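The block underneath contains the structure these notes are about, expressed in structure tokens.
The values are calculated or read from the model by the stated rules, or taken from the named source; none is laboratory data. Given the structure is predicted, the values throughout are model-derived calculations rather than measurements. Neighbour counts run over all protein chains shown; Cβ positions are idealised from the backbone, glycine included. All accessible areas refer to the heavy atoms of the entire protein, side chains included, with ligands and DNA or RNA removed. Shrake-Rupley method; radii C 1.70, N 1.55, O 1.52, S 1.80 Å.
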Amino acid sequence: MKIVFAGTPQAAVPSLALLADSPHDLVGVVTRADAPLGRKRTLTPSPVGQAATDRGLRLLKTNRLDDAATAEIADLAPDLGVIVAYGGLIREPLLSVPRLGWINLHFSLLPRWRGAAPVQRALIAGDARTGAAVFQLVPELDAGAVFAQQSEPIGRHATAGTLLAGLSESGAQLLLGVIDDLAAGRATALAQAGEVTLAPKLTLDDARIDWSAPAETVYNRVRGVTPEPGAFTTVNDGRLKLLDVAPTHGALPQPAGSIREIDKKVLIGTGTEPLELVTVQPAGKTAMRAADWWRGVAATEVVAS
């Protein structure tokens, strides 16, 4: 079966690699254009773009799936389109170009968390489980019938980064199974059922910590915005990035946002029990142990906001 693949971030690379090594004919790869990265703002290909180049695959770099992109994809005469976190919507007439349409690997248990940030929103909400789904792409956002879905527990200390990395590997296997079934003519899809929740893209405001919230809520938010956009708070008029925090399991309460060193641990108050600051990154500096940062603060107590 002739397949065109669309994806951009690292989370899409396992699916690309698995398809490239499969018996199917991967006739083209679509990814977003090179983007400026780092302090020098060097134009850098997307992870999918780099992986496709390394494998010698035909590559289309575009941020707009416009008429020109549609014509180039149509020239490939694909039987199936596959999309994994491309970063843009596929609309008609491109939606109908492949003979079997497009299927999407999405990292949630649909219809929960439709949208751009399903893994992050699941963590922030404190969900106990998440998973991946392969569904038929339709004009409505993430609303198509589901071919296959898998569920797994969310680890107590998982971050959005670690959880997505695992789901990208297991989801790639799920995706390939659906593609094999479609090629064999035995695939069936079921309409989504249940409450619909939305997972909009995270903003910087989502990453600012409200210390008046309960410890569990704060902990879940930190995990959900790690590594991007990265949890932060303000200390002494400077931004402090929170790279790793940990529950304290019954430490004595302290005022929300107050930071103290107790038993060689740097604790910060929440609406319930404190959390431990493990690794932080002050503005303009590299990541460091919270205890090392605290020694440089030279105070007995500070209040974050």
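Quick notes on this one:
- Strands (runs of 3 or more DSSP E) (entirely within the range 210-293) containing at least 2 residues that are open to solvent by less than 60 Å² (accessible area, probe 1.4 Å) and within 22 Å of residue 159 (Cβ to Cβ): 232-235, 238-247, 265-268, 275-282
- Within the range 108-125, residues that are under 21 Å from residue 190 (Cα atoms) have Cβ atoms under 7 Å from residues that are buried (at least 21 other Cβ atoms within 10 Å of the Cβ) and among the polar types (S, T, N, Q) in these pairs: 108/130; 109/130; 118/108, counting only partners at least 6 apart in sequence or on another chain.
- Listing of strands (runs of 3 or more DSSP E) fully contained in the range 13-55 that carry 1 or more residues being open to solvent by less than 20 Å² (accessible area, probe 1.4 Å): 25-31
- Among (1) more than 21 Å from residue 30 (Cα to Cα); (2) part of a loop (DSSP other than H, G, I, E, B); (3) touching a residue at least 40 places away in the same chain (Cβ under 8 Å) - the single one residue 139 does not satisfy: (1)
- Residue check for residue 187: part of a loop (DSSP other than H, G, I, E, B), in contact with a helix residue (DSSP H, G or I) (Cβ under 8 Å, 6 or more places away or on another chain), hydrophobic (A, V, I, L, M, F, W, C) and modelled with pLDDT of 95 or more: yes
- As for the range 53-76, it holds at least one residue that is of a type outside the set (Ser, Thr, Tyr) and touching a residue at least 60 places away in the same chain (Cβ under 8 Å).
- Qualifying residue in the range 3-25 (condition: more than 20 Å from residue 173 (Cβ to Cβ) and acidic (Asp, Glu)): no
- Residues (aliphatic (A, V, I, L, M) and closer than 17 Å to residue 114 by Cβ) located in the range 126-147: 132, 133, 134, 137, 138, 141, 143, 145, 146
- Under the condition of being under 25 Å from residue 160 (Cβ atoms) and open to solvent by 30 Å² or more (accessible area, probe 1.4 Å), the residues counted in the range 1-12 number 2.
- Qualifying position, being among the hydrophobic types (A, V, I, L, M, F, W, C) and closer than 30 Å to residue 118 by Cβ, among 291, 287, 251, 283: 287
- Exactly one residue out of 131, 87 is within 30 Å of residue 218 (Cβ to Cβ) and either of a type in the set (Phe, Trp, Tyr) or out of contact with any strand residue (DSSP E or B) (no Cβ under 7 Å at 6 or more places or on another chain) (or both): that is 87.
- Scanning the range 15-45 for residues that are over 19 Å from the mean Cα position of the chain (by Cα) and among the charged types (D, E, K, R) yields 21, 25, 34, 39, 40, 41.
- Members of the range 61-87 found to be among the small types (Gly, Ala, Ser), in a loop (DSSP other than H, G, I, E, B) and surrounded by fewer than 15 Cβ atoms within 10 Å (Cβ to Cβ), listed by number: 77
- Residue that is surrounded by the most Cβ atoms within 10 Å (Cβ to Cβ) [pool: residues in the range 88-105 that are farther than 22 Å from residue 63 by Cβ and touching an Asp or Glu at 6+ places or on another chain (Cβ under 7 Å)]: 100
Let's see how each residue does on (1) open to solvent by less than 40 Å² (accessible area, probe 1.4 Å); (2) touching a Pro at 6+ places or on another chain (Cβ under 9 Å):
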position	(1), (2)
107	yes, yes
144	yes, no
147	no, no
161	yes, yes
167	yes, no
172	yes, yes
176	yes, no
182	yes, no
186	no, no
